[in-house]
Amino acid sequence: MNVADSEIVSSILDQSGYTKTDSIESADVILINTCSIRENAEIRVRGRLSVFKKQKNEHKAIVGVLGCMAERLKDDLIKQEKTVDLVIGPDSYRLLPQMIEEALSGRKVVQTMLSDDETYEDIIPVRYDSNGVSAFVSIMRGCQNFCSYCIVPYVRGVERSRNPQTILKEIEDIQAKGYKEITLIGQNVDSYNFSETNFAKLLNIVALAFPQMRIRFSTNHPKDLSNEVLETMAKYANICRHIHLPVQSGSNHMLQLMNRGYTREYYLERVDAIRKYIPDCAISTDIMVGFCDETEEDHQQTLLLMKEVGYDFAFMFKYSERSGTYASKNMKDNIPEKEKIRRLNEVIDLQNKIGRISKEKELGKTFEVLVEGKSKKSDKEYMGRNSQNKVIVFPSDKALKSGDIVNVQVERFTSATLIGNII
Ligand code: SAM
Ligand code: SF4
């Protein structure tokens, strides 16, 4: 999400005559795009700001904070961080050129109004992906699910879907630039809705219009993932076989406290539906441990659910209280840090085991792999991803380019990757 936003910001600034520099020493304006999801993310931003202080003092650069942390803290950020000249929320990027001018004339500027309809739909983002293979396309902004632990609805505003025509236009541009894969992104793509077009219909339109392009999307919400979406995925080979379906917890008690809008049973039924419609679909998830009042029994339910689903991969977090959320106002962050860490480690250890089983199942299978470049470890090997979003490393005597497609048979695996040979 933040990469996509930074690309929009780059495009707006490009049009106003600014150019991106790779060296901080030559920058007149330093902008940092921020996330507020967990406290750690904000701590890292403050660390970066202290690094920018030197640049500000020695080269008279101005420093701006963009995105969620800007939206959350508003003027307080200027008061707390003397390095900061500009604070711009996620719906105010169009105003950046004039705000930068104001900041350059010595004023401190804060602009954090949220909008009900801004989707930046007419802006073709500047692409950051250096290998030119895969690009993000934002199809909606905001979120109004109000999961009790989550800051997103407060800092990104109400949910807005983007006009499908502008989405198609952006993908045309991406294809013309040589990209081979797009990821349609939103906080809950399953609730995409523009006039008569729901997410399944949008997928259908995109898959038909761009048969040569691999299509991915993220994030799905278990409460809204429809059979219509699964049917559409099954219908088109260019829609990748991977669904990221965050579960957060395997306990109904926790899911209710989190206001997730589904039960463990409903979630498992959705997983069964995925397997029925798309038997070769990879499933990944987000899991959060240590939320308010989580008991050992709740935690065990999460571990059991992980085994039951057999996730291909997972992002795992410990609960971090965010000021302003429903949970911060009405619930107690009462799981001791040591206990949160223990539970998180158990979840990570289990996922490592489950991930190994998921990789073992791929041994001997042949996958179409979209080449992303040379592997990190060796100049003689390439890396790419299969439709299931699994990373595959393989040698090749023939020089390959990013964006090439090859068939690779899996022969072994490490903790993070499948390893094979071109056939
Ligand atoms: N919209 C997506 C969904 O509902 O699944 C996820 C968006 S959020 C950016 C990504 C993940 O961050 C969530 O799935 C959740 O696991 C985690 N997260 C959100 N708020 C959190 C918090 N307060 N503490 C720890 N993790 C959090
Ligand atoms: Fe946050 Fe829930 Fe919205 Fe995801 S769906 S962004 S977790 S409020």
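Could you list which residues have their amide H under 5 Å from that of Val391, counting only those 5 or more apart in sequence or on another chain, with H placed in the peptide plane?
Answer set, sorted by chain and number: Leu418.
Mind listing which chymotrypsin sites (Phe, Trp or Tyr not before Pro) in the range 112-209 are in a DSSP loop and have 14 or fewer other Cβ atoms within 10 Å? Present the calculation step by step, with values, prior to reporting the outcome.
Numbers: sites: Tyr120, Tyr128, Phe136, Phe146, Tyr149, Tyr154, Tyr179, Tyr192, Phe194, Phe199; in loops: Tyr120, Tyr128, Phe146, Tyr149, Tyr179, Tyr192.
Those that pass, being in a loop and sparsely packed, are Tyr128, Phe146.
At 222 nm, what helix-only mean residue ellipticity would the chain give, in deg cm²/dmol to the nearest 500, using -39500 (n - 2.57) for each DSSP H run of four or more?
Details: 14 runs with 157 residues, N = 423.
Computed ellipticity for the chain at 222 nm equals -11500 deg cm²/dmol.
Please compute the Kirkwood hydrodynamic radius over the chain, one decimal place, Å, based on all pairs of different Cα atoms.
23.1
Pairing rule first: another cysteine's C-beta must sit under 4.7 Å. Under that rule, which cysteines of the chain stay single?
Cys35, Cys68, Cys143, Cys240, Cys281, Cys292
Rank-order 39-52, 268-281 by packing density, defined as the average count of other C-beta atoms within 10 Å over each peptide's residues, highest first.
Output ranking for 39-52, 268-281: 268-281, 39-52.
DSSP beta bridges in the chain, what fraction antiparallel, as a percent rounded to 5?
Values: 23 of 58 bridges.
Roughly 40 percent of the beta bridges in the chain run antiparallel, per DSSP.
What whole-number value in cubic angstrom gives the convex hull volume per residue for the C-alpha atoms of the range 117-187?
Dividing the Cα hull volume of the range 117-187 by its residues yields 98 Å³.
Would you mind getting me the FRET efficiency between Ser16 and Gln165? Use the beta-carbon distance for r and R0 = 45 Å, nearest 0.05.
With R0 = 45 Å, the Cβ-Cβ based efficiency is 0.95.
When N is the residue count of the range 203-318, what does its C-alpha Rg come to as a fraction of 2.2 N^0.38 Å?
Values: Rg = 15.2 Å, N = 116, 2.2 N^0.38 = 13.4 Å.
Taking the Cα Rg and dividing by 2.2 N^0.38 Å, one obtains 1.14.
Using the reciprocal of the averaged 1/r over all distinct C-alpha pairs, how large is the Kirkwood radius of the range 243-394 in Å?
When all Cα pairs of the range 243-394 are included, the Kirkwood radius is 17.1 Å.
All of the numbers you see were taken from the coordinates with simple rules; none came from a lab. Quick caveat, the model's predicted, so the values are computed rather than measured. We place every Cβ from the backbone using ideal geometry, glycine too, and count neighbours over all the protein chains shown.
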